[in-house]
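K.L.:
Below are the structure tokens for one structure; questions will follow.
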């Protein structure tokens, strides 16, 4: 088994494209195109693509690409700009190697706006091919972007909806629904817009900003329309993930639907997020950590992901590790109320009263935080009647982010009242109480006979094991006989026809000569021969250059001219490749070898 490098060689981050349009309100459009390209690339299973949240941290920032590469742990960055004017669009894109900041691919695209989906597909495929040519093998589908609507105005409304949805506030989610509805009114077959609406209703309902009946009805109506149009999108099984997990607590079905999502898109952030929460709610912490690490690998600068990862260790009882990741989450998002609540609870669990007071005395919930600390660490056992009455009434509010009242009651003499509240919360299937079996602050309630029977899950470790047993091993693209035959054919072609002298030589050309697909051609060069495409071609070019550079009849030609005659198309590429393989510059090498 090969040991992979700490940085995946086939990895990329797409930095938000700069809006160069005269209308600054077109920001939603440049952001939307950036996300569409990210989504297209994530469908390539072997390519590590940094998720939107982490990529968008760098929006509007003028940072060294090498530093961004280190922070995101990737070898390539895509950056560019978008100019939209009337019905025309210009996209400029460039691919950069993060190790040394070299621009190894760039291109301008001028199109009619009606061609936007074809353009996204073209750009995504070119990017994927360039990464593969420079860094290693992975399979690429024939198309990465589907034409989801034929009406460009509907697409623009969809992008506006997505723009607001990703702000994750109740007002923004309601605005997103309005734009998604405008999109579907213009194109009643726009599946992605229906799925976007479903997600917004799910979020508003789960956290208590919309009644359960209203949210469920609206989500279901949109799901009925969407499933009639397209069930091949990852959003289709993801809609059932949200329904089964948050509303129904049907965890066995949740697991199966998550697997369906990941089969379509193995880097789907929302599916990985829910997988972590699913395992965490059942106390399967090793599995939760596995998926949590994967989530952080593709989306390391997401405050939400740091928060989720912190929660795994919180429910394990490792409060120092929890505190480390919670602090990261707050640094990434200063208005993250849930993270502040978790930090306060951690400080209470670690009995760090002084730090608690210094950091939370101005917090709107300070009275409850202080009271929780007193009942946990200072043996306080009773509450004033008005406080007790208020706590028992407050449970009717469904929009409480953290259930401090329940936690306080559970650690006082009012455990019976706390247990009755817990029973009601579980019956309501509140998202805030999903992890009640693992919650350290509810430990005093575990003595009740019915504690573990308030909800009996239909999901078990046996289900995971059976699923893993059914997973088939992937067969190589080429048999051993095919590998040997094609390698000999390729070597003969390069030695006899010298195709490397053509600076525009591509993997497609080689695939056509060998009469195989580009995926198989890439597999042959990368996995069988052991070099990436550019390394393989440039090795022949270097050999040819060294041969002609020593010929007397060429001594009046410049070295760069001879390099171009050898097939190199860039001075930078030639010099860096030569120095990498000869450990000296071309001019020094020539002086030594002419003696």
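K.L.:
For the stretch 337-352, enumerate the residues that are in contact with a helix residue (DSSP H, G or I) (Cβ under 9 Å, 6 or more places away or on another chain) and under 17 Å from residue 404 (Cβ atoms).
P.N.:
338, 339, 340, 341, 342, 343, 344, 345, 346, 347, 348, 349 - these are the residues of the stretch 337-352 that are in contact with a helix residue (DSSP H, G or I) (Cβ under 9 Å, 6 or more places away or on another chain) and under 17 Å from residue 404 (Cβ atoms).
K.L.:
For residue 477, all conditions in the list (1) crowded, with 18+ Cβ neighbours inside 10 Å; (2) in contact with a helix residue (DSSP H, G or I) (Cβ under 6 Å, 6 or more places away or on another chain); (3) part of a helix (DSSP H, G or I) hold save one; what is the number of the exception?
P.N.:
(3)
K.L.:
Looking at the stretch 405-437, which of the residues that are in contact with a helix residue (DSSP H, G or I) (Cβ under 7 Å, 6 or more places away or on another chain) and in a loop (DSSP other than H, G, I, E, B) is surrounded by the most Cβ atoms within 10 Å (Cβ to Cβ)? It would help to see each step written out before you state the result.
P.N.:
As a first pass, look at the stretch 405-437 and keep what is in contact with a helix residue (DSSP H, G or I) (Cβ under 7 Å, 6 or more places away or on another chain): 405-412, 414-415, 417-419, 421-422, 425-426, 429, 431, 433-437.
Narrowing further to those that are in a loop (DSSP other than H, G, I, E, B): 411-412, 414, 429, 434-437.
On the way: 411: 24, 412: 19, 414: 20, 429: 16, 434: 21, 435: 17, 436: 22, 437: 18.
Restricting to residues being in contact with a helix residue (DSSP H, G or I) (Cβ under 7 Å, 6 or more places away or on another chain) and in a loop (DSSP other than H, G, I, E, B), the top hit is 411.
K.L.:
For the stretch 325-359, enumerate the residues that are outside any helix (DSSP H, G or I) and more than 28 Å from residue 166 (Cβ to Cβ).
P.N.:
Our first condition is that a residue be outside any helix (DSSP H, G or I); within the stretch 325-359, this holds for 333-336, 350-352.
Across the stretch 325-359, the qualifying residues are 350, 351, 352.
K.L.:
If you don't mind, there's one more thing I want to ask. Please state which of the following conditions residue 503 fails to meet, knowing it meets all the rest: (1) under 19 Å from residue 131 (Cα atoms); (2) without any contact (Cβ under 8 Å) to a residue 40 or more places away in the chain.
P.N.:
Of everything listed in (1) under 19 Å from residue 131 (Cα atoms); (2) without any contact (Cβ under 8 Å) to a residue 40 or more places away in the chain, residue 503 misses just condition (2).
K.L.:
Identify, by number, the condition in (1) outside any helix (DSSP H, G or I); (2) under 26 Å from residue 459 (Cα atoms); (3) touching a helix residue (DSSP H, G or I) at 6+ places or on another chain (Cβ under 7 Å) that residue 266 doesn't meet.
P.N.:
Answer for residue 266: the failing condition is (3).
K.L.:
Sticking with this one: From the list 180, 155, pick out the single residue that is modelled with pLDDT of 90 or more, crowded, with 17+ Cβ neighbours inside 10 Å and not assigned by TED's automatic domain parsing to the domain that holds residue 24.
P.N.:
That would be 180, the only listed residue that is modelled with pLDDT of 90 or more, crowded, with 17+ Cβ neighbours inside 10 Å and not assigned by TED's automatic domain parsing to the domain that holds residue 24.
K.L.:
Select, from 522, 566, the only residue that is under 39 Å from the mean Cα position of the chain (by Cα) and touching a residue at least 24 places away in the same chain (Cβ under 8 Å). Please lay out each step first, then the result.
P.N.:
Working: 566 fails: under 39 Å from the mean Cα position of the chain (by Cα).
Answer to the selection: 522.
K.L.:
Say whether the condition of being over 30 Å from residue 216 (Cβ atoms) and surrounded by 14 or more Cβ atoms within 10 Å (Cβ to Cβ) is met by at least one residue in the stretch 386-395.
P.N.:
Yes, because at least one residue in the stretch 386-395 is over 30 Å from residue 216 (Cβ atoms) and surrounded by 14 or more Cβ atoms within 10 Å (Cβ to Cβ).
K.L.:
Looking at 186, 233, which is the one that is surrounded by fewer than 23 Cβ atoms within 10 Å (Cβ to Cβ) and farther than 17 Å from residue 35 by Cβ?
P.N.:
186
K.L.:
Going through 254, 206, 197 one at a time, which residue ends up being in contact with a helix residue (DSSP H, G or I) (Cβ under 7 Å, 6 or more places away or on another chain), assigned by TED's automatic domain parsing to the domain that holds residue 160 and under 24 Å from residue 459 (Cα atoms)?
P.N.:
None of the other options fit; the residue is 206.
K.L.:
Among the residues of the stretch 376-392, are any assigned to a helix (DSSP H, G or I), modelled with pLDDT of 95 or more and closer than 25 Å to residue 421 by Cα?
P.N.:
For the stretch 376-392, residues assigned to a helix (DSSP H, G or I), modelled with pLDDT of 95 or more and closer than 25 Å to residue 421 by Cα: present.
So that you can scan it fast, the table gives a plain yes or no per residue for (1) under 24 Å from residue 160 (Cβ atoms); (2) modelled with pLDDT under 90:
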| residue | (1), (2) |
| --- | --- |
| 5 | no, yes |
| 9 | no, yes |
| 14 | yes, no |
| 26 | yes, yes |
| 34 | yes, yes |
| 58 | yes, no |
| 77 | no, no |
| 93 | yes, yes |
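K.L.:
Now, a different point. Counting only residues that are free of Cβ contacts under 8 Å to residues at least 24 places away in the same chain and under 30 Å from residue 517 (Cα atoms), which one in the stretch 141-179 is nearest to the chain's Cα centre (by Cα)?
P.N.:
Checking each candidate, the answer is 143.
K.L.:
Another question, if that's okay. I'm trying to understand the selection: among the residues of the stretch 269-324, which are part of a loop (DSSP other than H, G, I, E, B), under 15 Å from the mean Cα position of the chain (by Cα) and farther than 21 Å from residue 431 by Cα?
P.N.:
Listed by number, the residues that qualify are 299, 300, 301.
K.L.:
Only one residue in 362, 402 is in contact (Cβ under 8 Å) with a residue 60 or more places away in the chain and outside any helix (DSSP H, G or I). Which one?
P.N.:
The match here is 402.
K.L.:
Scan the stretch 431-455 residue by residue and report those that are free of Cβ contacts under 8 Å to residues at least 40 places away in the same chain and closer than 18 Å to residue 212 by Cβ.
P.N.:
Passing the criteria: 432, 433.
K.L.:
If you don't mind, another one. Just to be sure, is residue 577 under 23 Å from residue 495 (Cβ atoms) and at pLDDT below 90?
P.N.:
yes
K.L.:
Same structure, new question: Looking at (1) more than 25 Å from residue 233 (Cα to Cα); (2) in contact (Cβ under 8 Å) with a residue 24 or more places away in the chain; (3) out of contact with any helix residue (DSSP H, G or I) (no Cβ under 7 Å at 6 or more places or on another chain), which one does residue 137 not meet, given that it meets all the others?
P.N.:
(3)
K.L.:
Quick one: in the stretch 531-557, which of the residues that are outside any helix (DSSP H, G or I) and touching a helix residue (DSSP H, G or I) at 6+ places or on another chain (Cβ under 9 Å) is surrounded by the most Cβ atoms within 10 Å (Cβ to Cβ)? Steps first, please.
P.N.:
Of the residues in the stretch 531-557, the ones outside any helix (DSSP H, G or I) are 531-532, 550-551, 555-557.
Subset that is touching a helix residue (DSSP H, G or I) at 6+ places or on another chain (Cβ under 9 Å): 531-532, 550, 555, 557.
Values: 531: 14, 532: 21, 550: 12, 555: 10, 557: 14.
Applying the filter and picking the extreme gives 532.
K.L.:
Within the set of pairs 6 or more residues apart or between chains, which connect a residue that is without any contact (Cβ under 8 Å) to a residue 24 or more places away in the chain inside the stretch 328-355 to a residue that is assigned to a loop (DSSP other than H, G, I, E, B) with Cβ atoms less than 9 Å apart?
P.N.:
340/363; 340/365
The values are calculated or read from the model by the stated rules, or taken from the named source; none is laboratory data. All figures in this text were calculated on a predicted structure; none of them were measured in a lab. For neighbour counting, all protein chains shown are included, and Cβ atoms are generated from backbone atoms with ideal geometry for every residue, glycine included.
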